[in-house]
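The values are calculated or read from the model by the stated rules, or taken from the named source; none is laboratory data. The structure presented is a predicted model; accordingly, all values stated were derived computationally and were not measured. Backbone-built Cβ (ideal geometry, glycine too); neighbour counts: all protein chains shown.
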Amino acid sequence: MKTKSSTTIRDVARLANVSIGTVSRVLNDRPAVSEKTRGRVRSAIEELDYTPNPIARQLSIGRSLTIGIIQPYITLPSYIERLHGVQNVLANSEYDLVIFNVDNPAQRNAYFKDLSYKIRVDGVLIVSLPPSDEQVEYFSKARIPIVLIDAYHPKMFCIIADDVKGARIATRHLLKLGHRKIAYLSDYVDSPFHPSMKYRFLGYREVLKEAGIPFNPAYVIEGPRGRTNAQAMAKQLLELKDPPTAIFAACDTQAIGVIDAAQEMGLKVPERLSVIGYDNIPDAAYHNLTTIDQSLQDSGARGAQMLLDVLGDPKKSPCTQYVNINLLRRKTTAPPPS
C-alpha cells in the first residue's frame, strides 16, 4: 500500500474513476463538476489520505497563494499591531504572508521596482511608504493588486488615519486642561518612512494658531525613533530656561521615553508635566498613558480585507477608507502646575 507521501493525484483519479483534470477542478473548487462526481473524488481523497503538493497546486491555478507586506520599522510596536490585524484576516483565507522589511529609501525603491518580476506574490500591502506618481505608474504596469496602509495616493486603494485631526484632538485636549506651553516631540518630520509625522506636526501648529498661542520653535524637537532617543530629546526640552508644562509625543513609544525623562529629573507626571502620545500600543495602557487611539489592528485588518476584495474583483476602482480616531484619557495629563 502506498504511503501518504507517495500518493499522487493520478491515484485519486484512478480510484474515483475520473480524469486528473476532474480531480484538479475539485481540489480548486472549480465549477463544471457534478455533485455526484465531486463526492466520489472527495471520498477517494479521504480514503487515500491525499494531500496536494502546494507547489504543484500553485502552478495549476497560476497563483502563488501569498501576499506580501512591505514596511519599515518591523520591530516597532505600532507596526507589530498592524501586522496582527493583517494576520487575523489572512488566517481565514488561502493566502500566506511574506514580510519585506525596509531599512532605507534605496531598499524601498528596489522592492517597488521588483514587484513585477522578483517578488512573486498575488497582492501587496505597503505600510507607511507613500509611493511617487512614477512608482504608481510602474505598479499599474506590474498588474499586481496593491493596498496602501498609513499612506496615501489618489490613484490607489488606501487605508489611512486623519493624522491632522488626531494631532488637533491631542493638542486641543492639553489646551482645555489649561496648558499654554506645549511642546511637540517626534521622529523626523520629513521622514520618507513615516509621512504621519508631518501631518501630526501640522495639526499641532493649527490648534496653537487658532488658540492665539505664538509658535515657539524651542518647543519642537525631532530625532531618531525609539524610547531612549525620546528620553534624551525630552530632557533637552525640560532643561530649557522656560520649559513646557506639556509634551505631545507623536507616538506612544516616544511618549514613554518622555515619562522616563521626567522620572529621571524628579518631575511628577502629570502634576508637573503632562504627556500625551499617539497610537495606543499595548504598552500605553500599562503606563496609563493618555493617547490618541488610531485603531492600529483595525487598519491592518481592513487593509488585508480590502486587498482580498480586490483579488476577488480586479475591476474594483481605487478608494480610500479612514480608520476611527479617539482620545483615550488616562493618567498622564492634568492641568498645569499653578
Tell me, please, whether a residue that is surrounded by fewer than 19 Cβ atoms within 10 Å (Cβ to Cβ), at pLDDT below 95 and closer than 22 Å to residue 183 by Cβ can be found in the range 301-313. no
Counting only residues in the range 233-255 that are of a type in the set (A, V, I, L, M, F, W, C) and in contact with a Gly (Cβ under 6 Å, 6 or more places away or on another chain), the one farthest from residue 267 (Cα to Cα) is identified as 249
Residues in the range 181-218 that are farther than 14 Å from residue 163 by Cβ and not in a helix (DSSP H, G or I) total 14
Checked 241, 198 against criteria (free of Cβ contacts under 8 Å to residues at least 12 places away in the same chain and closer than 20 Å to residue 274 by Cα); the one match is 241
Screening 151, 161, 167 for residues that are of a type in the set (A, V, I, L, M), in contact (Cβ under 8 Å) with a residue 40 or more places away in the chain and closer than 20 Å to residue 68 by Cβ leaves only 151
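Conditions tested, residue by residue: (1) surrounded by fewer than 20 Cβ atoms within 10 Å (Cβ to Cβ); (2) in contact (Cβ under 8 Å) with a residue 12 or more places away in the chain; (3) under 25 Å from residue 184 (Cα atoms); (4) touching a helix residue (DSSP H, G or I) at 6+ places or on another chain (Cβ under 8 Å).
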{"site": "78", "(1), (2), (3), (4)": "no, yes, yes, yes"}
{"site": "107", "(1), (2), (3), (4)": "yes, no, no, no"}
{"site": "128", "(1), (2), (3), (4)": "no, yes, yes, yes"}
{"site": "131", "(1), (2), (3), (4)": "no, yes, no, yes"}
Residues of the range 158-196 being within 20 Å of residue 213 (Cα to Cα), of a type in the set (Val, Ile, Thr) and buried (at least 21 other Cβ atoms within 10 Å of the Cβ), in sequence order, are 171, 182
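May I ask you to list the residues in the range 326-338 that are assigned to a loop (DSSP other than H, G, I, E, B) and free of Cβ contacts under 8 Å to residues at least 60 places away in the same chain?
Residues satisfying the conditions are 330, 338.
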Selection from the range 233-279 of residues within 24 Å of the chain's Cα centre (by Cα) and assigned to a strand (DSSP E or B) yields 248, 249, 276, 277, 278, 279
Restricting attention to the range 75-96, the residues that are within 16 Å of the chain's Cα centre (by Cα) and either farther than 14 Å from residue 149 by Cβ or at pLDDT 90 or above (or both) number exactly 15
Residue 59 crowded, with 20+ Cβ neighbours inside 10 Å, in a helix (DSSP H, G or I) and modelled with pLDDT under 80 = no
Only one of (1) crowded, with 20+ Cβ neighbours inside 10 Å; (2) out of contact with any Gly (no Cβ under 9 Å at 6 or more places or on another chain) does not apply to residue 86, and that is (2)
Counting only residues that are part of a strand (DSSP E or B) and either more than 22 Å from the chain's Cα centre (by Cα) or without any contact (Cβ under 8 Å) to a residue 60 or more places away in the chain (or both), the range 292-325 contains a total of 1
Note to self: Regarding the range 186-206, can at least one residue be identified that is among the small types (Gly, Ala, Ser) and either at pLDDT 95 or above or farther than 21 Å from residue 102 by Cβ (or both)?
What the structure shows: yes
